[in-house]
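First comes the structure, then the notes that go with it.
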Ligand SMILES: *[C@@H]1O[C@H](CO)[C@@H](O)[C@H](O)[C@H]1NC(C)=O
Ligand SMILES: *[C@@H]1O[C@H](CO)[C@@H](O)[C@H](O)[C@H]1NC(C)=O
């Protein structure tokens, strides 16, 4: 009896350990769980956030940015709808990340990722689609620029250039070979949409010259 009570409590404690202590961001309103972070500092035009280590389900697609996001979304959506080795239905989370590689100019290979909910972070079921895979990220020291409206290729380009300019102005170091775009809303939501572009910091996170 004690054990039966203890196990769910322990699992809950573990789940809280992953995301529970951090506040859910206000822009994350459409789902129960979001990728939460510690805010290190907030500049006038970007935030420095530290994300904890995390597990994601991902897929790679070669296409234009917008078409790749759509194809990737549906593959990952099938995974959470039960196309996994347990047939488990997994709740939708936020954000949806798209990795854009830029090492030799922007490629057309994009990696789309869904965050696994806390309960599935430790031991997620393997995908049954061969093009879908589980990915583990270390802690991510991240520079973030937020913007409203729709996450189009043009908006992504505008805002990553603006973020790079702000980081350059503040003499911050970051990895220029790739970035993420992060979308927080379903296409059904017409107003108050929230999107972000992310750069990974090199060295310490900060909002002023080192
Ligand atoms: C950072 O500052 C901006 C602009 O003042 C604000 O909109 C945003 O909510 C702040 N971010 C956090 C995480 O508090
Ligand atoms: C995308 O295209 C590149 C270059 O042709 C190739 O190396 C890569 O494997 C392709 N990726 C996918 C997911 O098909």
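Looking across 133, 110, 114, 147, one residue alone is at pLDDT 95 or above, in contact with a helix residue (DSSP H, G or I) (Cβ under 6 Å, 6 or more places away or on another chain) and within 16 Å of ligand 2 (Cβ to nearest atom). It is 110. Working carefully through the options 73, 110, find the one that is closer than 15 Å to residue 131 by Cα, more than 16 Å from ligand 1 (Cβ to nearest atom), outside any helix (DSSP H, G or I) and under 17 Å from the mean Cα position of the chain (by Cα). Answer to the selection: 110.
Could you look through the range 189-201, keep only residues that are within 20 Å of the chain's Cα centre (by Cα) and modelled with pLDDT under 95, and pick out the one that is farthest from residue 147 (Cα to Cα)?
Restricting attention to the range 189-201, the residues satisfying the condition of being within 20 Å of the chain's Cα centre (by Cα) are 189, 192-201.
Now narrow it down to the ones that are modelled with pLDDT under 95: 189, 192.
Values: 189: 15, 192: 10 Å.
Among those residues, the one meeting the criterion is 189.
Beta carbons closer than 9 Å, at least 6 apart along the sequence or on distinct chains, pair a first residue in the range 95-109 that is closer than 27 Å to residue 34 by Cα with a second that is within 16 Å of ligand 1 (Cβ to nearest atom) and part of a loop (DSSP other than H, G, I, E, B) for 95/28; 95/35; 95/184; 95/194; 96/184; 97/35.
Restricting to strands (runs of 3 or more DSSP E) lying wholly in the range 125-210: which have 1 or more residues that are surrounded by fewer than 15 Cβ atoms within 10 Å (Cβ to Cβ)? Spell out how you get there, then give the answer.
On the way: elements: 132-137, 140-147, 178-183, 195-200.
Ranges flagged: 132-137.
The values are calculated or read from the model by the stated rules, or taken from the named source; none is laboratory data. None of the values given here were measured: they were computed from a predicted structure. Ideal geometry is used to build each Cβ from the backbone, glycine not excepted, and the neighbour counts take in all protein chains shown.
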